[in-house]
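Below is one structure, written out as structure tokens, with a few remarks after it.
The values are calculated or read from the model by the stated rules, or taken from the named source; none is laboratory data. Quantities reported herein were computed from a predicted structural model and do not represent experimental measurements. Cβ atoms come from the backbone with ideal geometry, glycine included; neighbour counts cover every protein chain shown. The protein model used for the area step is the full one, side chains on, heavy atoms only, and it has no ligands, DNA or RNA in it. Shrake-Rupley method; radii C 1.70, N 1.55, O 1.52, S 1.80 Å.
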Amino acid sequence: MSDTEKRTALVYAECAEGALRRVALEALGAARRLAGDGGSVHAVVVGGGASAAALGTAAAELAARGAEVVHVVDDPALAGFAPEAYAAAIGAAIAAVQPSIIVLGHTAAGRELAPRVAAAVNGGHIADVTAVDVDDDGGAAAIFTRPLYAGKAFEQRRFLPGAPQVITVRPNNLPVAEPVAPGSEGTIAALAYSAPPLWTIVRDVVRKASGRIDLAEADIIVSGGRGVRSAEGFAPLEELAAVVGGAVGASRGACDAGYCDYSLQIGQTGKTVTPKLYIACGISGAIQHLAGMSQSRVIVAINKDPDAPIFGVADYGIVGDLFDVVPLLTEQFRAI
Ligand code: FAD
């Protein structure tokens, strides 16, 4: 399509455990800005089986926040995430909508789906977007910012005109789509899809960290390193996290030492997080750890070594023993 034509955006709105992920609303916000005032925004939700009821709730929320049409692909076979089948479901929405831009969350699922989608539409792909600069014209010449070299540098990219554009947005970086005025909500429509001839079937999902807040979407993370000294040493961190409504994370040092599960690992070979507040307790600040958390909005470091490299990226540093400092913080937050 030419850049002067009306822009249509499609959002793949990811659900997890039956609920819409916040990154789906962040993707919708980006899509609305990229489509511009004269453009239109569609969303697609995919699932089925036990999560079928939740698809309706997710679709209603998307419609209330600016999706003109929410396409619901509901099939018991899609109860578990299967990249080939989900890509086919998104493909059905693409065929129906003919979008010029497709937005997904930069989650484990989004990272699997986006290249497949880009290849299917013969489009360009910009991954892990942390900022979107849109001109008055809508997103035709939008500039996308993404981190490079484990967060040590940023690059800005734009698409060549013409081809469909596929982006993934990093969770916790872009504003969520605001609700539209009452009466202007979008509509919800069932969408059929053709299952691919061969695809992965998820038989079971074994959760190691059930009940915890998803690290990728947490606003506050209390993270422990080797300084925590034992599995029991995580207890004060768990307590602080519970009081502030945050999630618990860890350095690889703590995971390697067996103090916690690898699902909590943050860093180059773990999760990338960008919470509003990251509290690093007994973490030295190795470059591989910084790669996963240095984009956090506010970083507080607690370390008894005043020369620990973590203080180089921290906004606030507390030199002291974490077993003294963390309970004091918990007490103070509890009193608020
Ligand atoms: P340490 O470096 O041992 O630091 C412990 C800190 O705790 C020290 O600064 C110490 O002063 C402080 N301390 C001790 N006791 C207390 C106390 N009572 N109160 C306050 N402070 C205390 N690491 C990651 O985290 N994530 C990754 O994804 C990752 N990927 C890697 C990939 C590769 C290829 C490699 C080679 C390494 C990777 N690492 C990763 C490992 C990384 O290099 C570090 O070894 C690791 O981050 C160190 O963990 P740590 O800070 O908990 O431990």
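The condition (being over 23 Å from Trp199 (Cβ atoms) and part of a strand (DSSP E or B)) is satisfied by just one residue among Ala59, Ala63, Ala142: Ala142.
Any residue in region 254-261 that is touching a residue at least 40 places away in the same chain (Cβ under 8 Å) and surrounded by 22 or more Cβ atoms within 10 Å (Cβ to Cβ)? No; the residues of region 254-261 include none that is touching a residue at least 40 places away in the same chain (Cβ under 8 Å) and surrounded by 22 or more Cβ atoms within 10 Å (Cβ to Cβ). In region 296-313 there is at least one residue matching the filter, namely being in contact with an Asp or Glu (Cβ under 8 Å, 6 or more places away or on another chain), open to solvent by 30 Å² or more (accessible area, probe 1.4 Å), within 23 Å of Leu148 (Cα to Cα) and more than 8 Å from the ligand (Cβ to nearest atom). Does Gln265 satisfy being open to solvent by less than 50 Å² (accessible area, probe 1.4 Å) and within 8 Å of the ligand (Cβ to nearest atom)? Here the answer is yes, as Gln265 does meet what is asked. One residue stands out in region 314-324 among those that are assigned to a helix (DSSP H, G or I) and in contact with a Lys or Arg (Cβ under 9 Å, 6 or more places away or on another chain): the one that is farthest from the ligand (Cβ to nearest atom), namely Phe323. Within the set of pairs 6+ apart or on separate chains, which have a first residue in region 12-38 that is more than 20 Å from Asp74 (Cβ to Cβ), a second that is among the acidic types (Asp, Glu), and C-beta atoms under 8 Å apart? Note: pairs meeting the criteria are Arg22/Glu217; Val23/Glu14; Val23/Glu217; Leu25/Glu61; Gly29/Glu178; Gly36/Asp137. The sole residue among Leu290, Leu328 that is assigned to a helix (DSSP H, G or I), more than 8 Å from the ligand (Cβ to nearest atom) and over 18 Å from Leu237 (Cα atoms) is Leu290. Scanning region 221-269 for residues that are within 24 Å of Arg334 (Cα to Cα) and assigned to a strand (DSSP E or B) turns up Ile221, Val222, Ser223, Gly224, Ala247, Val248, Gly249, Ala250.
Restrict the check to region 322-332 and report whether at least one residue is in contact with a strand residue (DSSP E or B) (Cβ under 7 Å, 6 or more places away or on another chain) and open to solvent by 50 Å² or more (accessible area, probe 1.4 Å). Checking region 322-332: not a single residue is in contact with a strand residue (DSSP E or B) (Cβ under 7 Å, 6 or more places away or on another chain) and open to solvent by 50 Å² or more (accessible area, probe 1.4 Å). Only a single item in (1) surrounded by fewer than 24 Cβ atoms within 10 Å (Cβ to Cβ); (2) in contact (Cβ under 8 Å) with a residue 40 or more places away in the chain; (3) small (Gly, Ala, Ser) is not met by Gly282, and it is number (1). What single numbered condition from (1) part of a helix (DSSP H, G or I); (2) in contact with a helix residue (DSSP H, G or I) (Cβ under 8 Å, 6 or more places away or on another chain); (3) open to solvent by less than 30 Å² (accessible area, probe 1.4 Å) fails to hold for His71? In the conditions (1) part of a helix (DSSP H, G or I); (2) in contact with a helix residue (DSSP H, G or I) (Cβ under 8 Å, 6 or more places away or on another chain); (3) open to solvent by less than 30 Å² (accessible area, probe 1.4 Å), His71 misses (1) alone. All of (1) closer than 23 Å to Leu148 by Cα; (2) near the ligand (Cβ under 7 Å from one of its atoms) hold for Gly249 with one exception: (2).
Can you confirm whether Leu290 is in contact with a Cys (Cβ under 6 Å, 6 or more places away or on another chain) and not polar (S, T, N, Q)? No; evaluated as a whole, the condition is false for this residue.
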